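The values are calculated or read from the model by the stated rules, or taken from the named source; none is laboratory data. It should be emphasised that the depicted structure is a prediction, and the values quoted were computed from it without experimental measurement. Quick reminder, even Gly has a Cβ in these numbers, built from the backbone with ideal geometry, and neighbours come from all protein chains shown.
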2 protein chains.
Amino acid sequence: MSELQGYRGLTLELLKNANVKIGDYIRIFRDGDVFEGLLMPRIELGDSNHIVIKLANGYNVGVKVSSQTKIEKVEVEKKTSEAMVEFKIEEKEGLPTVFILGTGGTIASKVEYRTGAVYPSLSTEDLYRAIPELSNLARIKTSVLFNIFSENMTPKHWSEIAKAIAKILREEEVNGIVIAHGTDTMGYTAAALSFALQNLPVPVVLVGSQRSSDRPSSDAALNLIGAVRAAAYAPFAEVVVAMHEWVADESIVLHRGTKVRKCHTSRRDAFQSVNSKPLAKIVEDKVVMLTEDYKKRGEKELTLKPEFDEKVALLKFYPGFNSQLIDWLVEQKYLGIVLEGTGLGHVGKYCFNSIRKAVDSGLVVAMTSQCLWGSVRMTVYDTGRDLLSLGVIPLEDMLPETALVKMMWSFGQTKNPEKVKELMLTNLVGEYSNRLPL
Amino acid sequence: MSELQGYRGLTLELLKNANVKIGDYIRIFRDGDVFEGLLMPRIELGDSNHIVIKLANGYNVGVKVSSQTKIEKVEVEKKTSEAMVEFKIEEKEGLPTVFILGTGGTIASKVEYRTGAVYPSLSTEDLYRAIPELSNLARIKTSVLFNIFSENMTPKHWSEIAKAIAKILREEEVNGIVIAHGTDTMGYTAAALSFALQNLPVPVVLVGSQRSSDRPSSDAALNLIGAVRAAAYAPFAEVVVAMHEWVADESIVLHRGTKVRKCHTSRRDAFQSVNSKPLAKIVEDKVVMLTEDYKKRGEKELTLKPEFDEKVALLKFYPGFNSQLIDWLVEQKYLGIVLEGTGLGHVGKYCFNSIRKAVDSGLVVAMTSQCLWGSVRMTVYDTGRDLLSLGVIPLEDMLPETALVKMMWSFGQTKNPEKVKELMLTNLVGEYSNRLPL
């Protein structure tokens with residue numbers, strides 16, 4: 001790694017002239033302002049006019065330098081080793097215990113990012129050092145289960161995470177569990193854990209970050225603080241996703257695991273509750289419930305059901321969709337198909353024969369809507385009524401992604417299609433929002 | 001049809017006692033208010049405490065009756081035939097001419113819904129009768145191209161619509177064209193027409209309705225008035241979708257055809273511009289542009305390119321996705337695949353081999369994001385860079401549905417994969433919003 005990794009142009013020149021390197025404690029004087037902290041590397045190919053430093057409070061800031069901005073001096077204050085001592089923090093007695101389990105993604109890999117290593121482990125000490133606020137919230141234990149980009153997660157990984165959580169609950173005294181996870185498929189994993197971990201005694205909080213912590217705009221620290229606060233103090237015991245509520249670094253919302261999806265590629269508030277309000281949000285230092293319809297934390301015996309069957313497909317319908325795809329899934333001995341139909345739950349008539357064959361072959365075929373918002377209602381138009389009479393089951397306002405995960409999970413519990421249909425139509429963990437309370 | 005179709009409970013009783021039937025002109029007295037109009041049937045299984053009447057201005061209203069609401073009298077004023085005469089309106093000279101082409105859906109089938117027939121044709125006289133405002137806006141010509149639920153639309157229908165529009169522009173003097181369309185796949189058709197009809201001289205406005213006009217909350221009349229207004233007076237000459245801006249019956253927005261998708265199964269404001277602002281909105285009786293970046297109406301020679309090739313698939317990636325689906329498409333001699341990847345444009349590593357084989361076999365493979373909002377950025381993480389090096393082309397902020405339609409259209413123009421890639425990466429009709437102006 002270069003001593004000034006990622007810097008170029010004007011910033012590289014300034015830093016070189018000051019004879020500093022990544023990890024040094026520096027002071028930047030600019031137009032009367034003084035910025036003080038650890039010099040951070042830049043990873044992504046960003047602009048050349050920001051110097052990124054980690055402040056004493058654990059946050060990173062980008063100090064803009066340009067021909068308009070005069071930097072009077074970049075002065076080496078302390079070298080890396082001494083600077084790090086400053087962040088060493090004692091564990092406080094009497095605080096709740098939170099277990100942070102790393103699975104990968106931007107948040108796990110870079111949250112204590114300081115010296116340029118791209119995939120450091122998620123050690124407790126490093127976490128406290130990176131985000132000193134955590135030590136006032138909880139006693140943190142950490143463990144790394146795996147470290148993968150979340151697009152590489154499969155149903156097998158969901159099982160592993162569920163089993164790891166069950167093990168922690170069996171062997172450790174914890175008040176809540178945080179799962180650090182890549183954001184790409186975090187919604188799918190949240191749904192999977194919701195079904196696999198029923199009757200939870202404590203909250204399970206998935207958390208990710210949309211921007212790596214070496215970037216001035218990183219959401220990693222605030223998301224992780226919010227996730228730990230929820231795990232430690234929230235009154236609910238469900239699987240949730242903790243992310244920014246809005247683009248500003250202000251508040252964190254907690255989305256129910258079965259109702260959340262990533263709705264933006266890059267914004268910090270990419271995660272949205274669909275067809276329901278978020279379960280709770282963090283207002284100042286309190287977890288405030290947004291609904292009264294939730295499962296409470298308490299002395300409970302976890303029901304672990306970690307099996308998933310991958311022989312379930314999600315198919316999005318569109319004009320020109322090839323209905324032979326359905327036939328192919330039948331030939332491949334698939335067990336079920338979740339359709340992402342149009343509008344209130346429709347597909348073109350020319351697909352009816354293939355759907356009939358699939359149902360006759362014993363596959364469970366279920367309908368969701370590619371609109372994402374709103375509810376499937378298959379009794380309004382002929383197309384919907386025809387599909388119902390073919391045996392397609394309507395999943396109301398369940399997200400297509402949650403429906404896929406739930407059907408994989410249902411076939412993990414039983415291979416009996418009738419029992420799977422029954423499971424699919426039962427509101428198990430809040431996946432239907434229009435039904436009676438859980 | 002029953003004489004009081006759809007009514008039940010209290011409303012049925014009141015109507016029976018008054019000895020009226022569907023189509024009668026009635027007057028309802030309630031708490032000092034008087035409501036007057038044609039008695040409409042109820043089709044869907046709704047509540048039992050509204051009586052729906054069509055007012056003289058063409059709008060339907062639901063008059064709530066309940067034990068709290070006293071109905072003093074329901075009196076037969078005029079019988080159907082005389083009442084209809086009242087709606088006869090003369091065509092006004094000097095107004096712009098708008099051609100309304102019916103293709104099906106709720107709006108075409110029920111907008112003049114009055115006597116209970118479910119699929120009446122879209123005749124000019126009936127339209128004026130149902131929505132008298134239209135006669136003050138434009139001289140209307142109508143024609144029914146076909147009458148199908150839009151989930152049954154295929155790329156062949158897109159071609160037919162494009163050719164029909166070209167014929168109208170060639171043979172008639174029109175100031176704008178309105179396409180009445182089912183809402184399920186209206187977004188796909190809007191994108192298809194955007195590519196098929198380039199260099200338009202006048203606006204082409206797709207319009208649908210989310211609620212049939214026999215329901216008190218129907219959006220059909222306001223949407224159609226907005227569509228006709230845009231077709232007649234808008235300064236732009238592009239393909240747009242005209243629908244409610246908000247749930248209230250207040251304003252209509254005009255979404256660019258390549259940037260719009262149906263984002264709710266039932267709400268009146270189901271259609272949303274994604275990754276861009278709507279092109280325009282209607283404020284009172286004016287079409288107000290929301291961007292300066294649009295193609296202007298004027299004397300232009302239409303470029304008709306109505307061919308689409310259906311050998312293109314849209315595949316949504318998810319954990320557990322079977323990469324053999326990609327192999328199957330290659331075997332079936334598909335020409336291209338649009339992937340709906342995760343986050344910034346990713347799929348699991350285990351799909352790389354199948355993608356490589358597809359590209360090596362000459363298929364064009366393109367990446368969009370299932371997040372829908374935001375832009376694909378494949379240079380940020382390893383997964384994206386690997387996919388780029390396999391030959392996957394990144395489609396930035398283009399909607400997956402628009403990308404599918406565009407690739408079908410591109411292969412309709414040329415079978416040369418390199419030329420298709422070039423077309424896909426060129427901003428033709430506003431499908432990329434982050435690029436330079438058209």
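Structure above, values below:
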{"read-out": "Pick from the range A:245-295, criterion more than 20 Å from A:P400 (Cβ to Cβ) and within 14 Å of another protein chain (Cβ to nearest Cβ), ranking: surrounded by the most Cβ atoms within 10 Å (Cβ to Cβ)", "value": "A:R268"}
{"read-out": "Condition met for B:V429 (crowded, with 21+ Cβ neighbours inside 10 Å, under 13 Å from B:K259 (Cβ atoms) and at pLDDT 95 or above)", "value": "yes"}
{"read-out": "Qualifying position, being more than 12 Å from the chain's Cα centre (by Cα) and under 19 Å from B:G298 (Cβ atoms), among B:E250, B:E245, B:E238", "value": "B:E238"}
{"read-out": "Matching entry among A:I43, A:I71 (being touching a strand residue (DSSP E or B) at 6+ places or on another chain (Cβ under 6 Å) and either at pLDDT below 70 or not basic (K, R) (or both))", "value": "A:I71"}
{"read-out": "A:I168, sole failed condition from (1) away from chain B (no Cβ under 13 Å); (2) touching a residue at least 60 places away in the same chain (Cβ under 8 Å); (3) buried (at least 24 other Cβ atoms within 10 Å of the Cβ)", "value": "(3)"}
{"read-out": "Check on A:R256, in contact (Cβ under 8 Å) with a residue 60 or more places away in the chain, farther than 19 Å from A:A138 by Cβ and either in contact with a Phe, Trp or Tyr (Cβ under 7 Å, 6 or more places away or on another chain) or not small (G, A, S) (or both)", "value": "yes"}
{"read-out": "Residue ranges of helices (runs of 4 or more DSSP H) in the range A:129-215 with at least 3 members under 22 Å from A:G226 (Cβ atoms) and touching a strand residue (DSSP E or B) at 6+ places or on another chain (Cβ under 9 Å)", "value": "A:155-171, A:186-196"}
{"read-out": "Check on B:Q332, surrounded by 15 or more Cβ atoms within 10 Å (Cβ to Cβ) and among the polar types (S, T, N, Q)", "value": "no"}
{"read-out": "Count - residues of the range B:19-37 that are modelled with pLDDT of 80 or more and either in contact with a helix residue (DSSP H, G or I) (Cβ under 6 Å, 6 or more places away or on another chain) or within 14 Å of another protein chain (Cβ to nearest Cβ) (or both)", "value": "1"}
{"read-out": "Criterion: within 29 Å of A:P41 (Cβ to Cβ), not acidic (D, E) and not assigned by TED's automatic domain parsing to the domain that holds A:P400 - qualifying residue of A:A248, A:A232", "value": "A:A248"}
{"read-out": "Segments classed as helices (runs of 4 or more DSSP H), wholly inside the range B:304-403, with at least 3 members that are more than 12 Å from every other protein chain (Cβ to nearest Cβ)", "value": "B:352-360, B:382-390"}
{"read-out": "Options A:I177, A:I161, A:I168; residue that is hydrophobic (A, V, I, L, M, F, W, C), over 23 Å from B:Y381 (Cβ atoms) and within 16 Å of the chain's Cα centre (by Cα)", "value": "A:I177"}
